[in-house]
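A.B. asks: Once you've had a glance at the structure underneath, I'll fire off some questions.
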Amino acid sequence: MTYARRLVCRRLCRSDQGSGTMAGVALVAAAAVLLSVLAMAGNVFICRSKAISAADLAAVSAATVLWEGAADPCAAAQTVARSHKGKLESCRIDGDIVTAGVSVRTSVPLIPQVTSSARAGPIECS
């Protein structure tokens, strides 16, 4: 091998120094992004489940208050929704059926809240 050729080979080999470090940094960054996305998805699913439970309980409590005739059914639904860290978005009474919509805030910037609705009322027994 000539001297010029050896010199070119040495310079090319030196240019690869540090490329493993950059690949490692890119791999760690990709893993961090993946874990962040998984954490955000988990938060949305947990908040969705809280919203479903809060809507169910708000509708049942409003239907119970409506059936007993004791107070305002939507006020009872509001109290239950607040106690589950939610916000009563809608409360509709149609005869004996109560429909309640509850939203719960998330920690995800792209999805600030999740909403769920539920119906409750008496069922005729036969």
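A.B. asks: Within segment 101-125, track down each residue that is over 20 Å from the mean Cα position of the chain (by Cα) and hydrophobic (A, V, I, L, M, F, W, C).
C.D. replies: Residues satisfying the conditions are Ala120, Ile123, Cys125.
A.B. asks: Select from segment 33-53 the residues that are open to solvent by 50 Å² or more (accessible area, probe 1.4 Å) and not hydroxyl-bearing (Ser, Thr, Tyr) and list them in ascending order.
C.D. replies: Val33, Leu34, Leu35, Val37, Leu38, Ala39, Met40, Phe45, Ile46, Arg48, Lys50, Ile52
A.B. asks: Anything in segment 111-123 that is closer than 18 Å to Ala59 by Cβ and not hydroxyl-bearing (Ser, Thr, Tyr)? List them, or say none.
C.D. replies: Going residue by residue through segment 111-123, those that are closer than 18 Å to Ala59 by Cβ are 114-123.
Val114, Ala118, Arg119, Ala120, Gly121, Pro122, Ile123 - these are the residues of segment 111-123 that are closer than 18 Å to Ala59 by Cβ and not hydroxyl-bearing (Ser, Thr, Tyr).
A.B. asks: Need at least 2 residues that are of a type in the set (Lys, Arg) and open to solvent by 80 Å² or more (accessible area, probe 1.4 Å) per element, so show me which strands (runs of 3 or more DSSP E) inside segment 54-126 make the cut, counting only ones lying wholly within it.
C.D. replies: 87-94
The values are calculated or read from the model by the stated rules, or taken from the named source; none is laboratory data. Everything numeric in this text was worked out from a predicted model, so none of it was measured. Here Cβ is always computed from backbone atoms with ideal geometry, including for glycine, and neighbour counts include all displayed protein chains. Surface areas here come from the heavy atoms of the whole protein model, side chains and all, with no ligands, DNA or RNA. Shrake-Rupley method; radii C 1.70, N 1.55, O 1.52, S 1.80 Å.
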